[in-house]
Every structure is written in structure tokens, then in C-alpha cells.
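Contents: one structure, followed by commentary.
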Amino acid sequence: MHPLELTSEPLRRALELAARFASEEIDSLDSQPSADVLGAEDLARTFVEELPTAPRSLEAILERLRPAIRKSFNTAGPGYLAFIPGGGIPSAAIADLIATSTNRYVGVRPPAPALAQIEETAIAWLARIMGYPATAGGILTSGGSLSTLSAIVAARETKLPDDFSKGTIYMSEETHYCVAKAARIAGFRDWQVRRVGLDERRRIDPKALAHAIEMDRMKGLKPFLIIANVGTTNTGAIDDLPRLVSIGRSHSMWIHADAAYGGFFRLADEGPALMPQIEECDSITLDPHKGMFLPYGNGCLLVKNPETLKRAHSMDAEYLHDVRPQESFNFSDLSPELSRDFRGLRLWFPLVLHGVDAFKDAIEEKLMLTRWAHERLRSDSRFEILDEPQLSVIAFRLKGDGPAADLMNEELMRRVNARGRVFLSSTKLDGRYVIRLCVLSFRTHMDRVRDAVTSLRAEADAFMAAEPE
Ligand SMILES: Cc1ncc(COP(=O)(O)O)c(C=O)c1O
């Protein structure tokens with residue numbers, strides 16, 4: 001048998017070895033440091049190598065991979081509170097094994113209608129979670145950036161089909177940079193992207209937004225798209241959706257919600273109240289690799305009217321004429337991709353296996369943990385909290401202004417991270433260095449969040465005398 005045709009006993013043995021390797025890695029996540037990149041570049045250089053001609057043993061390859069995995073930020077571990085975590089649920093990896101080893105084609109529907117339906121059903125479930133009607137649809141992407149690109153192209157083709165040279169897009173100063181990047185890729189010049197100021201909770205200022213739109217219309221420009229933040233990366237701020245929807249509707253604009261981070265908080269009992277009227281938006285970016293804890297590479301774009309996505313992305317090819325479905329969409333009609341992985345299984349399988357309530361419980365726990373940590377940091381007079389957390393990000397710093405205070409905060413975070421139990425990241429808000437603590441991994445529980453607070457307090461002692469609480 002040719003070595004590429006791995007079957008029967010050798011296949012089972014290889015799968016067992018890989019499964020053992022994966023479960024050892026998962027079982028040890030808790031005891032691995034929250035980040036370990038000391039010497040990681042030296043290790044990386046050992047992977048600069050010639051194309052192998054002879055086979056190597058699977059055992060040897062796995063043992064070589066282990067340190068490469070370990071010398072990294074432990075993004076799957078419970079202590080990862082940096083950027084936007086997610087974790088990566090193992091059941092999605094099991095789904096991937098099945099999807100990639102059976103390798104069916106879902107880019108167009110007729111070659112595997114039931115598998116394409118599994119993916120469509122999973123998208124419909126996400127639409128339902130967000131409060132969209134049954135007529136809504138969407139596409140699974142590799143992440144929020146690609147979802148946003150398709151949303152901008154759909155908005156452009158719907159609102160300015162013939163000429164978008166005067167089209168303008170509105171977003172807040174806190175909107176994720178992937179939106180401006182997507183606008184550029186979609187053919188807009190940087191001046192066509194308007195950055196609107198913030199209110200005191202770092203949400204877009206609706207009055208300033210309405211004013212900017214009016215002014216641009218008076219100049220003969222064509223405002224056509226508003227980006228609403230549903231959980232900013234920096235602080236988790238949620239824009240005033242009802243106001244944005246009302247402004248957008250009065251100018252016949254497309255409203256896109258960037259809910260890449262915040263969207264899945266709608267699963268919580270309090271979720272719909274956190275993001276009222278998100279279901280009124282024309283499109284929604286969601287990242288299952290954040291709030292649904294899937295491994296990286298899982299994004300979703302939902303659209304209220306799937307025809308808009310189709311108009312923006314579909315094109316005929318003669319050689320595909322016998323795989324045009326009658327009643328449904330081909331995924332290739334809804335996105336820039338043709339051939340793609342069967343990513344629907346990665347979403348459908350965990351939802352069927354665990355049930356949606358498991359995800360709801362986990363997301364509610366994240367809100368509870370964030371509020372707990374916020375209370376502890378708020379009651380410590382050495383810390384300044386930038387705002388009450390709207391979702392699961394706490395943005396804070398040791399009190400003080402100027403470069404010295406910034407350096408002190410930088411050092412505080414470095415020391416906390418060096419303890420190896422939790423890993424925090426930072427940002428700049430109004431030019432000031434700010435530490436962020438984001439609770440979103442399904443593996444993060446009270447012990448780690450307590451660790452984070454204890455470490456912050458203990459390291460803060462090194463800088464200033466503790467004041468009585
Ligand atoms: C609010 C927000 N939007 C969009 C993105 C981009 O998503 P992705 O990294 O999946 O492309 C991110 C990433 O963190 C984000 O936090």
C-alpha cells in the first residue's frame with residue numbers, strides 16, 4: 001500500500017497516538033504556565049529546514065511538536081485573560097477530525113446536500129440566538145475580519161451598486177481596525193471611513209454621528225453604512241443600538257453590528273437587554289472562536305436578507321452549471337471562497353453534543369467572574385477602573401498620570417504575567433497605558449480570576465503602600 005493511503009491498523013495506531021498526544025496536552029493545560037516564550041525564537045529557528053525526502057516516525061514528529069506548542073502564549077489555558085480569549089473546545093477538534101478525514105465538498109450544495117444543510121442549520125441557529133427572523137442567513141468564515149469584508153461588500157452592492165466613489169462609512173474611534181482594513185480592501189479610500197467620537201462610556205456619540213452624516217450629505221457625499229460596536233475590543237463597550245438603527249433608517253443606510261466579541265453574550269438571560277435591537281441591524285459579525293469557545297478560524301456573518309450577500313458574491317462558471325441548487329444557496333455564492341473546509345461541522349457538532357445551555361452557562365459564568373473581579377479591583381483605592389464592565393473586559397490601571405505612571409503600569413502587568421498563572425494584555429486609551437483583563441475562555445473559573453486579582457494586588461504593593469479598604 002502506498003504510504004499516503006493510510007488505512008486499517010496503521011491508521012488506527014496513528015489516530016491513537018495523535019489522540020493521546022492531544023489529550024495529554026489538554027489535561028496539562030491547567031498546570032502549564034499562562035505564557036512561556038523564553039527561547040521560543042531559538043526553537044522556531046530549528047523549524048527552518050530542508051524539505052524532507054524520507055519518512056519520519058509519528059512519535060518523533062509529535063515529540064518535536066510538543067515544545068513548539070508549549071513555547072507560546074497558552075491561549076487554550078484557563079489563565080489566558082489577554083486580548084479576546086476563547087479557548088478551543090475539544091469537541092470542535094473531534095468534529096474537525098471527522099470533517100477532514102471524510103473530506104466531503106460543501107462549497108456548492110449538490111455534491112453533499114445533507115452536509116451543506118448541517119452547516120446551513122448551524123448558521124440558522126446562530127441567527128436565532130441573535131434574534132433574527134427565520135428568513136435570515138449567512139456564511140461561516142475564517143473569522144471576524146473576513147465576515148466584516150463580506151458585510152461591507154454586501155452593503156456597498158446594496159446601497160451603492162453603480163458608483164461608491166462618494167460613499168462614506170461611519171464607525172467610532174473604538175471600532176476594531178479590521179473594519180477600516182476591510183473597507184480599504186473593498187475599494188474605499190481612507191477618507192471615506194469616518195471615525196466618530198465617543199461618549200463617557202466609550203460608545204459612539206450618536207449626536208456626533210448624526211451630525212457627521214448630515215454634514216457629509218450636504219457636501220454631496222453618500223453616507224451608506226454605519227458600524228455599530230457590540231463589545232469593543234478595548235473595553236467591551238456596546239453602542240446605543242436603538243439610536244444607531246434610528247439614525248441609519250432615517251438615511252436609508254445599512255447598519256452592521258460588529259458583535260465578533262460581544263454577540264454570544266446574547267445567550268445569557270440578560271443578553272437581549274445588553275444589546276437591544278441588534279436584530280434590527282442588516283448584518284452581524286459573530287466570532288464563534290471567541291464567545292462560543294471554538295478553536296481559531298471560526299467566524300460568521302449573519303445577514304437579514306441573504307439575497308444581499310448573494311448579489312455581492314455570486315458569479316456563474318460554465319463548468320459548475322450542473323451543481324447549481326434549485327432551492328438553496330451554494331456557500332460559494334455568499335462569500336469570496338469556492339473550495340473550503342466543511343467548517344459547519346465544527347459548529348453544529350458541539351451544539352448537538354453539548355446542547356446550547358452548556359454554552360449559556362459558560363457565558364453567564366464569564367459575566368459573573370468579570371463582575372466579581374471588577375468589584376475587588378474597584379474596592380482597592382490604588383486602582384482606577386476606566387468604566388463599569390459592559391461585558392467581560394475590565395480596563396484599569398494603577399492611579400497616576402504621565403509617563404512614569406504608564407511605566408509603572410507596564411511593569412505591574414509584566415510582573416503579574418511573569419508569575420505564570422494568568423496572562424493579561426494592555427491597550428492605550430486617550431494616550432494612557434491601560435491594562436485589560438478579559439474573561440472569555442470556557443476554562444477560566446473563579447480560581448484563576450481570584451489569582452489575577454491577588455497577583456495584581458500583591459504586585460501593586462511593590463509600587464505603593466497599600467491603603468486600607
Ligand atoms: C470587536 C472585534 N471585531 C473584529 C475582530 C476581528 O476578528 P478576527 O480576529 O476573528 O478576524 C476582533 C478581534 O479580536 C474584535 O475583537
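The values are calculated or read from the model by the stated rules, or taken from the named source; none is laboratory data. Source: prediction; values computed, not measured. Methodologically, a virtual Cβ is constructed for each residue, glycine included, from the backbone with ideal geometry; neighbour enumeration extends over all protein chains shown. Just so you know, the surface numbers come from the protein's heavy atoms only, side chains and all, with ligands and any DNA or RNA stripped out. Shrake-Rupley method; radii C 1.70, N 1.55, O 1.52, S 1.80 Å.
Structure notes:
- Listed by first and then second residue, the pairs linking a residue in segment 68-93 that is closer than 14 Å to Asp27 by Cα to a residue that is among the polar types (S, T, N, Q), with Cβ atoms under 7 Å apart and 6 or more places separating them unless they lie on different chains, are Arg70/Gln32; Asn74/Gln32; Asn74/Ser34; Gly77/Gln32; Gly77/Ser34; Pro78/Ser441; Pro78/Thr444; Gly87/Ser441.
- Subset of segment 231-258 [out of contact with any strand residue (DSSP E or B) (no Cβ under 7 Å at 6 or more places or on another chain), in contact (Cβ under 8 Å) with a residue 60 or more places away in the chain and either assigned to a strand (DSSP E or B) or more than 16 Å from the ligand (Cβ to nearest atom) (or both)]: Ser252
- Residue that is open to solvent by 30 Å² or more (accessible area, probe 1.4 Å), away from the ligand (no atom under 16 Å from the Cβ) and under 20 Å from the mean Cα position of the chain (by Cα), where the choices are Pro276, Pro272: Pro272
- Positions within segment 8-49 being among the hydroxyl-bearing types (Ser, Thr, Tyr) and surrounded by 10 or more Cβ atoms within 10 Å (Cβ to Cβ), in sequence order: Ser23, Ser28, Ser34, Thr46
- Helices (runs of 4 or more DSSP H) wholly inside segment 1-104 containing at least 1 residues that are within 16 Å of the ligand (Cβ to nearest atom): 90-102
- Within segment 388-406, being crowded, with 18+ Cβ neighbours inside 10 Å and part of a loop (DSSP other than H, G, I, E, B) holds for Pro389, Gln390, Leu391, Ser392.
- Pairs, first among the hydroxyl-bearing types (Ser, Thr, Tyr) in segment 260-288, second away from the ligand (no atom under 15 Å from the Cβ) and part of a helix (DSSP H, G or I), C-beta under 9 Å, six or more apart: Ser283/Ala154; Ser283/Ala155; Ser283/Thr308; Ser283/Leu309
- Taken over segment 325-370, the residue count meeting the criterion of being closer than 23 Å to Phe264 by Cα and not in a helix (DSSP H, G or I) is 5.
- Phe329 vs. criteria closer than 30 Å to Phe359 by Cβ and modelled with pLDDT of 95 or more: no
- Residue that is most open to solvent (accessible area, probe 1.4 Å) [pool: residues in segment 286-324 that are in contact with a Pro (Cβ under 9 Å, 6 or more places away or on another chain), more than 16 Å from the ligand (Cβ to nearest atom) and in a helix (DSSP H, G or I)]: Arg311
- Any hit, segment 122-131, residues being open to solvent by 30 Å² or more (accessible area, probe 1.4 Å), without any contact (Cβ under 8 Å) to a residue 24 or more places away in the chain, away from the ligand (no atom under 16 Å from the Cβ) and in a loop (DSSP other than H, G, I, E, B): no
- Residue, nearest to Gln117 (Cα to Cα), within segment 133-175, restricted to residues that are away from the ligand (no atom under 16 Å from the Cβ) and among the charged types (D, E, K, R): Glu157
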